[in-house]
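Below: the structure, in structure tokens.
The values are calculated or read from the model by the stated rules, or taken from the named source; none is laboratory data. As the structure is a computational prediction, the values presented were derived from the model and not from experiment. We place every Cβ from the backbone using ideal geometry, glycine too, and count neighbours over all the protein chains shown.
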Amino acid sequence: MNLDIIDDFVAVFDRASVSVIDYTNGDQRIRLVRGQRVCDSAANTPAALPAQNIASTVVDANAQTGAVGSHPHTIAAGMIGTFYRASAPNQHPFVSPGDRVHAGMTLGLVEAMKLLNPIEADRDGLLVEILAADGAPVARDTPLFVIDPA
């Protein structure tokens, strides 16, 4: 089954007011069940974070325009999920506009399938803008952060 089809089902499920979607096509089946949100204590444990950072993709303004020099750099969501600026509702955000960020630094989280996936900076720079609201649903390739590498 194509991952884009699965992503589409998840997006529809996120918007729908149903608790279960069950789809079968021949020998392929997708079943989505809405569960409870991860509790705050579980969200703060390292076990809730995957070993690999698969939650972010990089969109480089230089690559898109062919320009040379220092241009803002965008970090986008690598998966469908819910964007969070902090590890828990009562915690301070990881970063704020105007903060200096470093490669590997956690900027935010995308919750997908009850896993909290870190969004990490891939370069040093100044965080210019956060493009998504805390708690907002995001799709794959949704721009989340703008970093000025200067």
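Taking only the range 92-130 into account, find how many residues are touching a Phe, Trp or Tyr at 6+ places or on another chain (Cβ under 8 Å), without any contact (Cβ under 8 Å) to a residue 40 or more places away in the chain and within 24 Å of Leu3 (Cβ to Cβ).
Within the range 92-130, residues that are touching a Phe, Trp or Tyr at 6+ places or on another chain (Cβ under 8 Å), without any contact (Cβ under 8 Å) to a residue 40 or more places away in the chain and within 24 Å of Leu3 (Cβ to Cβ) number 1.
Only one of (1) at pLDDT below 75; (2) under 13 Å from Ile119 (Cα atoms) fails for Ser17. Which number is that?
Ser17 satisfies all of (1) at pLDDT below 75; (2) under 13 Å from Ile119 (Cα atoms) except (2).
Name the residues in the range 2-22 that are in contact with a strand residue (DSSP E or B) (Cβ under 6 Å, 6 or more places away or on another chain) and surrounded by fewer than 13 Cβ atoms within 10 Å (Cβ to Cβ), would you?
Val20, Asp22
Among Ala121, Ala150, which is hydrophobic (A, V, I, L, M, F, W, C), more than 26 Å from Leu32 (Cα to Cα) and loosely packed, with under 13 Cβ neighbours inside 10 Å?
The unique qualifying residue is Ala150.
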